[in-house]
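The values are calculated or read from the model by the stated rules, or taken from the named source; none is laboratory data. All of these numbers come straight from a predicted model, not from anything done at the bench. Positions of Cβ are backbone-derived with ideal geometry, glycine not excepted, and every protein chain shown enters the neighbour counts.
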Amino acid sequence: MAEFKPADSLYEWFDQRLGIDKFVKVMMTEYWIPKNINFLWAMGVLLTVMFTILIVSGIFLLMYYKPDINMAFDSVNYTIMQEVGYGWLFRHIHAVGASVVFLIIYIHMFTGIYYGSYKKGRELIWISGMLLFVLFSAEGFSGYMLPWGQMSYWAAYVITEIFGGIPVIGGDLVVWIRGNFYVSDSTLTRFFMLHVLLIPLAILGAIVVHFYALRFPHVNNEEGEFFDFDKEADKYLAGDKKGSKVVPFWPVFLSKDFFVLGFFLLFFFYLVFFHYDFAMDPVNFDKADGLKTPAHIYPEWYFLWSYEVLRGFFFEIAGISGKSLGLMAFAFANAIFMILPWLDRSPMVKPANQRPYFKYWFWFLIADLIVLTVYGKLPPTGANAWVGFASSMTFLVLFIALPFITKAEAKKIGGK
Amino acid sequence: MKELKILAVIATLVGITYYGIEPYAHHIMHPEVKAADFTFADLKNVDTKLAGNTANGKVLVEANCIACHAIESAGHPAMMPNADAAASYGVVPPDLSHAGRVYDKNYLANFIFDPVSAMHLSHKYPVGGTKTFPMPSYNWMTGQEIMDVVAYLQSVSPKVKEGAETHKATYDAACGRCHSMSYAKSEATTPKDAIKAYMGATPPDLSQYIKSRGEHYLHGFINDPQVLLAGTSMPRVGLNEKAQEEVIAYMEEIGDSKKAERESTGINVMIYTFIFAMLAYLWKRKIWSEVH
């Protein structure tokens, strides 16, 4: 048991008991980040801020929202949007924030892929990050159902129906997820629970793991350079701030993040107040009607690429139905990013453009994902269906080819 | 410089994706249709250049119209309660007080001549079909007589001021017999079961139509529903451009009541955020000057 001297100040009293000084050092002033970075390194802090904004706006919405199929639509569109003071503001922030958070997640994710920040000790950062992506997807999907509009209902119908394609247990699984034979009140209430409790808890846990996973392998830098963080930190503490390759998280790293955050929020609030249709689909301002199918059903934009992989296979191949093939491709697309650290066989940690073969793979993948996203929204008829098929196949081939491409790259650079 | 290049690459990729999933996809899913026509140029049965005689119009209206229609503004109350009227005619006949103000002159004249062709509802009421529209054609009247009726209806329309009250009056006259607007606590004047039987389905509640359909769609749809939704049983109601704008304004006042607050708050929040961003930039420059 440590011996406690009487404290001279309130600060000291807390410091004796909580080790504030030490804690601030470990978490902030002596948590070292490489200096050689650009604004893409601010995405993590942007996401943390966005998640906080979503939680706060969500708490306000929670005070008036009613998870009941007879009341949900009006509680959102009348009570919250028109009666509660600034209720509309919280709803706009929440809906647009949910969409924009995926834009930042994708930038964050592809920054990681571009700079090779998923290998040589950073595998768990990548995996916990992908776990967060899955959890955010579930959070986005369950939340989209809550306003109980036409797109809420039909997107929920189509997506839960997907599980029906799983062999043997499919049919029972769909009923288990919906809590009924069709999308109904029980579905709404359980998605409400998932959205406001279970998934947010899981996200908080995953964020802790994600941040912790950064501590030992350290944040990557713009050149993929490996150096001795302890040595560079000593240099910094000794006063050679300009010569050191690292900066402390606070205030140096965060000062840059706040600057990026400021301009990002300017863009975000522009969308919230003046350009929100992309995140609040007009179709969803029609109340859910299980007897009236909308002319076009599509998920939110951030799911379009994987939705297109799902429906890209629209005909039978080798006796397997298009539906089953699509489901397999969909499962592949959602799982394959998880094991990226082991698909990349090249030891090189460099920005993609400095890697002889990987750079082509990277930009092909980006182009393919954009094509998938755009065609995921368009009606899958005529030539569109074939573009969907070709881009879905391209996606699969890109990932199947990745180990071979990177192996060849390893050979090439090893031979130098 | 390098950071700006990265930003440009990201902005381009996001821009292409955005263009594909928003403007382009909407263009594909909702192709442009012919523009709204507020002259109702397809209606040519009545020569609308004839100057109407109000006094003769009054005689004709009192002999032909007020057996079914109320004209409160001219002192003719409704003959029976709404429920009875709906039971008799299928739908509550409109009070004609605002008819001269909200309907286009050409439309109104041709409507009196032959309602079904003016409304573009010949698919619902085909010649020789089992259903007939409750109002008969007045094609036995001369063009001059029809224009007299139109002139009289225009003369009895109350003078209205610009603003929310008029928006509501126009909406009630043009839409309120069939459509409910629960967010305005307004119910269709024709009872629910009657209107469902009359139209084939309950006409939608319009509370959120300004959001779900949007101003652009409503502009074309109200002018001629068949252009955007072929086969619908909603008639072309023949509003003049001003009346239609008033209807849409009312739908916005009810369905998007916080629009003005949203826009003014938006400007303030963006100014505040810009100040924050600039301060953050200056602070960042100061901090990083020590490490670079």
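Reported count of residues in the stretch B:179-195, each being touching a residue at least 60 places away in the same chain (Cβ under 8 Å) and under 15 Å from residue B:83 (Cβ atoms), is 5.
Considering only residues in the stretch A:98-121 that are of a type in the set (S, T, N, Q) and within 13 Å of chain B (Cβ to nearest Cβ), the one that is nearest to residue A:142 (Cα to Cα) turns out to be A:99. Just one residue in the set A:308, A:316 is of a type in the set (D, E, K, R) and either touching a Leu at 6+ places or on another chain (Cβ under 7 Å) or buried (at least 16 other Cβ atoms within 10 Å of the Cβ) (or both); that residue is A:308.
Of all residues in the stretch B:13-23, one or more are within 14 Å of chain A (Cβ to nearest Cβ) and among the polar types (S, T, N, Q).
Residues that are surrounded by fewer than 18 Cβ atoms within 10 Å (Cβ to Cβ) and in contact with a His (Cβ under 9 Å, 6 or more places away or on another chain) do not occur anywhere in the stretch A:93-102. Every listed requirement among (1) of a type in the set (Val, Ile, Thr); (2) buried (at least 20 other Cβ atoms within 10 Å of the Cβ); (3) closer than 20 Å to residue B:39 by Cα is met by residue B:227 save one, (2).
Residue pairs whose Cβ atoms lie under 7 Å apart, sitting 6 or more positions apart in sequence or on different chains, and linking a residue in the stretch B:196-217 that is more than 9 Å from every other protein chain (Cβ to nearest Cβ) and surrounded by fewer than 22 Cβ atoms within 10 Å (Cβ to Cβ) to a partner that is not in a loop (DSSP other than H, G, I, E, B) and not β-branched (Val, Ile, Thr), are B:202/B:192; B:202/B:196. Which residue pairs have Cβ atoms closer than 7 Å, lie 6 or more positions apart in sequence or on different chains, and pair a first residue in the stretch A:212-235 that is more than 14 Å from residue A:114 (Cα to Cα) with a second residue that is assigned to a loop (DSSP other than H, G, I, E, B) and of a type in the set (Gly, Ala, Ser)? Hits for this filter: A:217/A:121; A:232/A:244; A:235/A:243; A:235/A:244.
When the stretch A:234-251 is limited to residues that are part of a helix (DSSP H, G or I) and over 15 Å from residue B:282 (Cβ atoms), the one that is nearest to the other protein chains (Cβ to nearest Cβ) turns out to be A:236. Could you say whether any residue in the stretch A:304-311 is over 19 Å from the mean Cα position of the chain (by Cα) and away from chain B (no Cβ under 14 Å)? Yes, the stretch A:304-311 contains a residue that is over 19 Å from the mean Cα position of the chain (by Cα) and away from chain B (no Cβ under 14 Å). Number of residues in the stretch A:385-415 that are among the charged types (D, E, K, R), in contact (Cβ under 8 Å) with a residue 60 or more places away in the chain and touching a Phe, Trp or Tyr at 6+ places or on another chain (Cβ under 8 Å) equals 1. Reported count of residues in the stretch A:262-279, each being facing chain B (nearest Cβ under 8 Å) and of a type in the set (A, V, I, L, M), is 3. Listed here are the helices (runs of 4 or more DSSP H) enclosed by the stretch B:11-124 that have at least 1 residues being under 22 Å from residue B:160 (Cβ atoms): B:54-64, B:99-102, B:105-113. The set of residues in the stretch B:246-258 being in a helix (DSSP H, G or I) and facing chain A (nearest Cβ under 9 Å) consists of B:254, B:255. Scanning the stretch B:32-43 finds no residues that are closer than 30 Å to residue B:179 by Cα, within 14 Å of chain A (Cβ to nearest Cβ) and of a type outside the set (A, V, I, L, M, F, W, C). Restricting the stretch A:283-313 to residues that are touching a strand residue (DSSP E or B) at 6+ places or on another chain (Cβ under 8 Å) and in a helix (DSSP H, G or I), which is farthest from residue A:103 (Cα to Cα)? The qualifying residue farthest from residue A:103 (Cα to Cα) is A:285.
Name the one entry in A:372, A:340 that is touching an Asp or Glu at 6+ places or on another chain (Cβ under 7 Å), closer than 26 Å to residue A:387 by Cβ and part of a helix (DSSP H, G or I). From the options A:372, A:340, the qualifying one is A:372. One residue stands out in the stretch B:169-187 among those that are assigned to a helix (DSSP H, G or I) and closer than 19 Å to residue A:83 by Cβ: the one that is nearest to the other protein chains (Cβ to nearest Cβ), namely B:183.
Among the listed residues A:112, A:165, A:129, A:140, identify the single one that is in the same structural domain as residue A:225 (by TED's automatic domain parsing) and farther than 26 Å from residue A:367 by Cα. Unique residue meeting the criteria: A:165. For residue A:40, indicate whether it is in a helix (DSSP H, G or I), more than 14 Å from chain B (Cβ to nearest Cβ) and touching a residue at least 40 places away in the same chain (Cβ under 8 Å). No; evaluated as a whole, the condition is false for this residue. Residues in the stretch A:284-299 that are surrounded by 19 or more Cβ atoms within 10 Å (Cβ to Cβ) and facing chain B (nearest Cβ under 10 Å): A:284, A:285, A:286, A:287, A:298. Scan the stretch B:265-285 for residues that are more than 8 Å from every other protein chain (Cβ to nearest Cβ) and more than 30 Å from residue A:85 (Cβ to Cβ) and the total you get is 2.
Quick grid of which residues meet (1) in a helix (DSSP H, G or I); (2) touching a residue at least 40 places away in the same chain (Cβ under 8 Å); (3) closer than 25 Å to residue A:264 by Cβ; (4) out of contact with any Phe, Trp or Tyr (no Cβ under 8 Å at 6 or more places or on another chain):
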| position | (1), (2), (3), (4) |
| --- | --- |
| A:4 | no, no, no, yes |
| A:14 | yes, no, no, yes |
| A:21 | yes, no, no, yes |
| A:49 | yes, yes, yes, yes |
| A:53 | yes, yes, yes, yes |
| A:56 | yes, no, yes, yes |
| A:61 | yes, no, yes, no |
| A:73 | yes, yes, no, no |
| A:77 | yes, yes, no, no |
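Let's see how each residue does on (1) polar (S, T, N, Q); (2) out of contact with any helix residue (DSSP H, G or I) (no Cβ under 8 Å at 6 or more places or on another chain):
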| site | (1), (2) |
| --- | --- |
| B:91 | no, no |
| B:106 | yes, yes |
| B:116 | no, yes |
| B:148 | no, no |
| B:183 | no, no |
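None of A:100, A:45, A:134 is in a helix (DSSP H, G or I), assigned by TED's automatic domain parsing to the domain that holds residue A:269, under 30 Å from residue B:260 (Cβ atoms) and aliphatic (A, V, I, L, M) except A:100.
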